[in-house]
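The values are calculated or read from the model by the stated rules, or taken from the named source; none is laboratory data. Note that this is a predicted model, so its numbers are computed, not measured. Because the Cβ atoms are built from the backbone with ideal geometry, glycine has one as well, and the counts that use them run over all protein chains shown. The area values use the complete protein model at the heavy-atom level, side chains included, leaving out ligands, DNA and RNA. Shrake-Rupley method; radii C 1.70, N 1.55, O 1.52, S 1.80 Å.
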Amino acid sequence: MPLDASPTLLPDRFADWFASRGWAAREHQLAMVEKGRQGRSALLIAPTGGGKTLAGFLPSLIELAERPRPNTPRGVHTLYLSPLKALAVDVERNLMVPIAQMGLKVSVESRTGDTGVARRQRQRTNPPDILLTTPEQLALFCAWEGARRYFEDLSCVIIDEVHSLWPSKRGDLLALGLARLQQFAPNLRRVGLSATVDDPDLIREWLSPNHVIPETAQPLSGTQESRAVTLGPGSPLRSGRDDVDLVLGQGGTRPEVDVLLSEGRVPWAGHTAQHAMEDVYEVIKKNKTTLIFVNTRFQAEFAFQELWRLNDDSLPIALHHGSLAAEQRRRVEAAMTRGELRAVVCTSTLDLGIDWGDVDLVIQLAAPKGASRMVQRIGRANHRLDEPSRAILVPANRFEMLECQAAREAIYENALDGDPPRVGALDVLAQHVMGCACSEPFDLVALYDEVRSAGPYRDLSWEDFETVVDFVSTGGYALKTYDRFRRIVKGQDGLWKVRNQQTAMRHRMNVGAIVSPEMLNVRLLKGARAGRKIGQVEEGYLEQLNAGDTFIFAGQVWRFMGVTGMDALVSPAPNSDPKMPSWGGSKFALSTFLAKRVRRMMYDEDAWPALPADVREWLEVQRDKSLLPSEDEMLLETFARGKRHFMICYPFEGRLAHTTLAMLLTRRLERTGVGPLGFVCNDYALAIWALHPMERLDFDELFNEDMLGDDLEAWLNESFMMKRAFKGCALISGLIERRHPGAEKSGRQVTFSTDLIYDVLRRHQPDHLLLRCARDDAATGMIDVARVGDMLSRIRGRIRHSNVDHVTPFSVPILLEIGKERVAGEVGEMILSEVADELIAEALG
Amino acid sequence: MTAIPKVMHDFAISACGGLAMNVNGDEVLMRCSGAAWLAGSRTLIVADLHFEKGSAYARRGQMLPPYDTRETLNRLEAEVAATQPAVLVFLGDSFHDGQGEDRLHGDDGARIAALAAGRTLAWVVGNHDADGPKALPGETVDELVFGQLTLRHEPQEGSRPGELAGHLHPAAKVKGRGRTVRRRCFVTDGSRMVLPAFGSYAGGLNIKDKAFAGLFGVRPLAGALGTGRVHPIGWGSLAPD
């Protein structure tokens, strides 16, 4: 974007301030100032450290500096939204620097779930000029009475880390909130700040205000002049992209990415990269500050332990992940900024956020699962923009070696994987509609158009909208017994509003809930009571422990003493050997994009010299003893081992998709009579074992896409995944409240199990809105049906069958997973039977 | 529970998958549905039906699906058809609250009434519905005695041999294979028994909760409701919440 870099764009006060700091305003910062002057919405894509946040705020600071002193108190001028509470607080601190140094009369305040009551009330009556907050708070604002008044002066809304926010339910709710703000302040301009992404246009579409173009204008009664004219349902929308200008920050030079080659030692299976930890330690010694990324909290704890075991030089190495207590995280972050740490082992909580100053090197332990994610992590390192950022990938096993090489090449070619466009979730819309009703009465058609101006809801049908409103009002049941209990009612004036204050208050207590797994606080046991909080852990993690078991958390060993309410109580057990329940696997599955590259690399022998000798040899032996599939084919091996017959296939579609596929295949195999006994999956392959041989099966028939019809439906309906998805939708949509006035109910004691409701609803109204939502969630999030479908159609007619009489090199990694893998799916009856059998045996024995 | 004697319980698995055990000398069959069956008197006992719990919550703004009464009746009718009882006992908390009966919808009321036809229908009253039904057939009682067994809604303090009660909604939590399973259950020590809640939305309270403390003189057995089977689970295999 060629720009006249003359500082006439910047007022003197600002130009002087830059000069006093020894800085020159960057091109993208000036571009953003220009956009501000033009009143244009913009998406800024820049790596961290390029003054991105300042670029977002500069236009607002300039406007506020130049604004004449108001006679009456003004509303919020600029709203800043970030996905992390910590970020909002951090930005507040950083923003005060230019404001104080320039002597600007601008008030800045942050507001998160942690902000105290007194401060919140003050913010309501004396709005700050700049308010820094989170999307959850925005959802609450939308439900305020008087929200329209509060935001009518809003000039700009800044969404930070927008690349991480938009593709999720959280992003859906945010988009709806932005549409609401746009109604309150039609001239509002939007600013998105993003890391490097594959397709910026997707974010531009999401961010766009999507002004409706009138074809035949019909102003509604009572419309204020400044409101955009709206039409009835079905009016066309202009393509959103054009409303949002793209500004590209000066990128860092291309990152230098290497793959750690551990000659002769790359393990066949595993996720922890334990074999490479000595090498990693040596690398840490040679650099000033290193960030070590892992994919799961479990890996983080493990890597941290290993490094300290090797830490003969007593280097300051820290641990940082989302489950640690906020206080401890702050301490680590502060030490980082002061340059006191040589290395930090961290998870994706550090994918976002705070600019940490001088990081020399980023190490990724175990494959990154996606090139985009890797680039964003690399972006954390090195803020001397003229020098390339450096990163080292450390594969945890042989397949990962291929994956890391593929990722390395993808990054080099700047070919990143992207997110698919999103359709807005309807349970989120329900929550939003309720919030609107709590704020002020609404007209159905007007709200429909407003909702459709939000990116993810552009294609929302009128029918679906009515279904959602009906749901909000009475629960949306075919049996109309709840009409007298309506939560929102249509008045004489034709406008919908909330039934009463009590209902509105209950909504505000539960708003913004985008459900995460039930988390328990981990607290130190002090005498008989719960003491200091050490962090948080998922409920499911503790389910594997019995009282008295030891486990690792926050870098130390603890003894699990029990759970009371929301607290898991522990006492220190420093000299014990921890029991290490495996938990979490990899949160991320191998991206489709990387998978394709890996398949290509396996087949293309010219690419092999880049690999270490033992991996090369592994590929060669596989080629000689079995087969190497081409990029388009899927390899399927059958062999017998011991008393079991194995079928192993290698779709490379990621663990989630493989688990779904394995469940469905098992059902089919049962019908053929081969007697399937179990299965195991990883990102590359799945293995099923059975009583009888499988090599004569018709594989084309077995892998037929019709598996995704009745078999999928039947399995899905019964599955615990649907129940889990339903619970999430029930909470988000407002069907179930997490919090009641006067009773702070812990998530665990939700008044009754949503499973009970799910079962009843499934039997009596199978087409209910929430069942639809749950199915969509389960199909995408948990079992990746779309991916399975694409794969089945890709391999149709292209299955290469290799029947051998021994274990093959490729099969070793997946076979090693047997026994480590937790059994998924419907094991409830099995568990009960086994425990009961023990008792019976005892009784008879 | 602090150390109470461990004992081998004598039970048998019936053809229907249920669990039969003597309580105070009389045999009680714990059926897979959560109903209890006394073969001698052909008595079917269901506890804590909580009819119209869905609508009770809807009145307060949580719009639970209004199908719970219907669903409970479906299961109840199936049990009645399978066992052909001479006596049908509702062991208390049959309606979720005092106005539940007024909120009955469609033919639900008629279906409940029909259950009284050709047999004795007894409503044992509990804390939620202390006066019994207003317009529905059947006899309202505080307690019922069958042989060595006394049926009442809420378990009483102290040693109560022969007591069959509800009210507590017992549930068993079992761990295995790295996961937990939670099911409604019967719980008995051979002297007294607490029945699971039969109502569709009734839910369960872990029997290791202190609400159950002091009821049993020896470590009780849990009969966990499975699919087609009632699983006998020893006290040592149970996990608290």
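Rounded to the nearest 10 degrees, what's the angle between the helix B:68-83 long axis and the longest principal axis of chain B, both from Cα atoms, 0 to 90? Once rounded, one gets 70 degrees. Cysteines in the protein assembly as shown that lack a partner Cβ within the 4.7 Å cut-off: A:Cys142, A:Cys156, A:Cys346, A:Cys404, A:Cys436, A:Cys438, A:Cys649, A:Cys681, B:Cys16, B:Cys32, B:Cys185.
When you work out D = kT/(6 pi eta Rh) for segment A:249-349 at 20 °C and 1.002 mPa s, using the Kirkwood radius from C-alpha pairs as Rh and the Stokes-Einstein form, the result is 144 µm²/s. Using a probe radius of 1.4 angstrom, the carbon and sulfur fraction of the accessible surface of segment B:56-207 is 46%. Normalising the Debye intensity of segment A:3-154 to I(0), with uniform scatterers on Cα atoms only, and taking log10 at q = 0.16 Å⁻¹ returns -0.96. Summed over both chains, the contact between A and B buries some 4300 Å² of accessible surface at a probe radius of 1.4 Å.
Rolling a 1.4 angstrom probe over the protein heavy atoms with all chains in place gives chain B an accessible area of 37 Å² per residue. Kirkwood-type hydrodynamic radius, the protein assembly as shown: 32.4 Å, calculated from all non-identical alpha-carbon pairs. In chain B, helical runs assigned H by DSSP with n ≥ 4 each contribute -39500 (n - 2.57); averaged across all residues and rounded to the nearest 500, the mean residue ellipticity at 222 nm is -4000 deg cm²/dmol.
Answer with one residue from B:Phe11, B:Val28, B:Ala47: the one whose Cα lies farthest towards the positive end of the charge dipole of segment B:1-77, charges on Cβ with Lys, Arg +1 and Asp, Glu -1. Selected residue: B:Ala47.
The modelled label-to-label distance between A:Thr564 and A:Arg763, using points 7 Å beyond Cα along the C-beta direction, is 3.9 nm.
Taking 20 Å as the cut-off, the amide N atoms of segment A:322-342 that come nearer than this to a point 7 Å along the Cα-to-beta-carbon line of A:Gln101 belong to A:337-339. Sorting the Cα pairs of segment B:92-241 by distance into bins of 10 Å, from 0 upward, gives 10, 36, 33, 18, 4, 0 percent per bin.
For the peptide A:760-770, the mean number of other protein chain Cβ atoms found within 10 angstrom of a residue's Cβ is 3.
Shown for segment B:185-217: residues covered by the partner protein chains by 40 Å² or more of accessible area relative to the chain by itself (probe radius 1.4 Å), namely B:Tyr201.
Remark on segment B:55-87: accessible area falls by at least 50 square angstrom from chain-alone to full-complex state for B:Gln62, B:Met63, B:Leu64, B:Pro65, B:Pro66, B:Tyr67, B:Glu71, probe 1.4 angstrom. Summarising the strand pairing of the protein assembly as shown, around 50 percent of its internal DSSP beta bridges are antiparallel.
Take A:675-683, A:487-495, A:462-470 and order them by the average number of nearby Cβ atoms within 10 Å per residue, most first; the result is A:675-683, A:462-470, A:487-495. Take segment A:601-697 with all the other protein chains still there, run a 1.4 Å probe, and you get 39 Å² of accessible area per residue. My understanding is that a pair violates if its Cα-Cα distance is over 27 Å; which of A:Lys85/A:Lys169; B:Lys53/B:Lys208; A:Lys52/A:Lys285 do that in this structure? Flagged as over cut-off: A:Lys52/A:Lys285. Between B:Ile13 and A:Trp268, the modelled labels are 3.9 nm apart [label points 7 Å from Cα along Cα→Cβ].
What the Kirkwood sum gives for segment A:613-766 is a hydrodynamic radius of 18.8 Å, with every pair of different alpha carbons counted. Expressed as a whole percent, the accessible surface of segment A:625-737 that belongs to carbon and sulfur atoms is 47, based on a 1.4 Å probe. Reported to the nearest whole Å, the Cα centre-to-centre distance from segment A:292-306 to segment A:426-473 is 43. Roughly speaking, what is the centre-to-centre gap between segment B:14-49 and segment B:76-135 when only Cα atoms are used, to the nearest Å? When both Cα centres are located, 18 Å separates them.
Residues of segment B:152-183 that bury at least 30 Å² of accessible area once all protein chains are present, compared with their chain alone (1.4 Å probe, heavy atoms only, ligands and nucleic acids left out), are B:Val174, B:Lys175, B:Arg177, B:Gly178, B:Arg179, B:Thr180, B:Val181, B:Arg183.
Taking the protein heavy atoms of segment A:6-71 in the context of the full set of protein chains, the accessible area attributed to carbon and sulfur is 47 percent at 1.4 Å.
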